[in-house]
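Here is the structure we will look at, set down as structure tokens.
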């Protein structure tokens, strides 16, 4: 009969072939870390997660289990730490997760132990249980320790070099879950990490919403402005009639209101707004643009001799080394944008796992923040990552990075967008790599860069977006240069030469 464990309790394992199964009301990202007696991993190879699903004696069984052959775990490994983190597709903290349960069983069946973590509040990731050695045998211990900094916070705690913190605004914070019946204070503003459920592609048309307008990118506590409602790019929303109510996270549509009228996030409770007119919007009162999602794009506008052009004539198609000023005459400065990055496997049936990232530099060339699939928020939420795509399959954008240009700290001078292969696959296995800049208010594609070459390297500096003379306007430059680098950290050095 399985032993039911309380927090901190342990039980012997009667077999060395075990499976740990995690169930809950919302999808979790499951991971394992192989840790030595000093409490740290030996190298990044001892971290088993969705981007590295096998390790010594450990195998990830998506979506919610790990299988262990403990006789194959190296002798210098003292314990295996098993974690679960929110994947970004549902609740923001474990306070809203129901039915969380960990079951340890033999691989041939038969339940060995069970643990139900309780009393969770602001955590975004948990150390659930650990398998550890004791006097030549293996045991399981119920842990239930929480973190407010997601999987990246746990990985860092056990010695994985997740990132160089640099000037990162929101440092990882460890939270220990309080005993039942007690309430402990917790820091606010902690980063939310993870990836969408199933690791699927973030492709296709903009999210469904009233008027077809995406509602991405609204920082917490700031009212969103639907496209065409009283202004164009970056126009401030009208003051609310009463104090604004809390807004939803980026990309979550507002629920339908009684009577069939749509309520927009950021609208004060009880106050209705009419849907915005279906226009591409370079300011209020503009006629609808002839191009919509799925319509043929206008003829590309390119600059000769590398000279920057602006957006007066419509979408700009860049060649390697060219730049475009993200300005349209007579329109307010551009504020909220999405950088979509995509690629396809060069050979039929292959899966290509590439990771898109954004590195933020100040005016001295110092990297002050990095946004990627394990660190999905930077610059106090002004830059956000859509989540990891593990295959490269399908049409459209593979990964998307949302940027609120108006909310970036003034010391951020340049954003460099890179793509790298965590598993070491080379870009000769990739075709049709591209990036495109999209107006986040209207969904209109503004700039596109299609890469026509590939090289046997693991990293790509795709493009950059830089301030114009320290003001509110920005310039995008197509780079398209290959380098060797499997992580965002390894791409910092190569990116600096293009500042």
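Assorted remarks:
- One residue from 471, 396, 485 being assigned to a loop (DSSP other than H, G, I, E, B) and surrounded by 20 or more Cβ atoms within 10 Å (Cβ to Cβ): 485
- Residue 11 being without any contact (Cβ under 8 Å) to a residue 60 or more places away in the chain, surrounded by 18 or more Cβ atoms within 10 Å (Cβ to Cβ) and outside any loop (DSSP other than H, G, I, E, B): no
- Consider segment 58-87 and keep the residues that are surrounded by 21 or more Cβ atoms within 10 Å (Cβ to Cβ) and in a loop (DSSP other than H, G, I, E, B). The one that is nearest to the chain's Cα centre (by Cα) is 87.
- Options 433, 466: the member that is buried (at least 21 other Cβ atoms within 10 Å of the Cβ), farther than 20 Å from residue 313 by Cβ and touching a strand residue (DSSP E or B) at 6+ places or on another chain (Cβ under 9 Å): 433
- Qualifying residue in segment 34-54 (condition: assigned to a strand (DSSP E or B), modelled with pLDDT of 90 or more and farther than 18 Å from residue 156 by Cα): yes
- For segment 14-57, residues that are closer than 19 Å to residue 138 by Cβ and without any contact (Cβ under 8 Å) to a residue 12 or more places away in the chain total 0.
- Boolean, residue 60 is farther than 21 Å from residue 14 by Cα and without any contact (Cβ under 8 Å) to a residue 40 or more places away in the chain: yes
- Screening the candidates 112, 126 for the property of being more than 11 Å from residue 150 (Cα to Cα) and either in the same structural domain as residue 63 (by TED's automatic domain parsing) or not in a strand (DSSP E or B) (or both) yields one hit, 112.
- Of the criteria (1) buried (at least 16 other Cβ atoms within 10 Å of the Cβ); (2) more than 23 Å from residue 12 (Cα to Cα), which one residue 43 fails: (1)
The values are calculated or read from the model by the stated rules, or taken from the named source; none is laboratory data. If you're wondering where the values come from, they're calculated on a predicted model, not measured in any experiment. Heads up, the Cβs are rebuilt from the backbone with ideal geometry, glycines too, and the neighbour counts pull from every protein chain shown.
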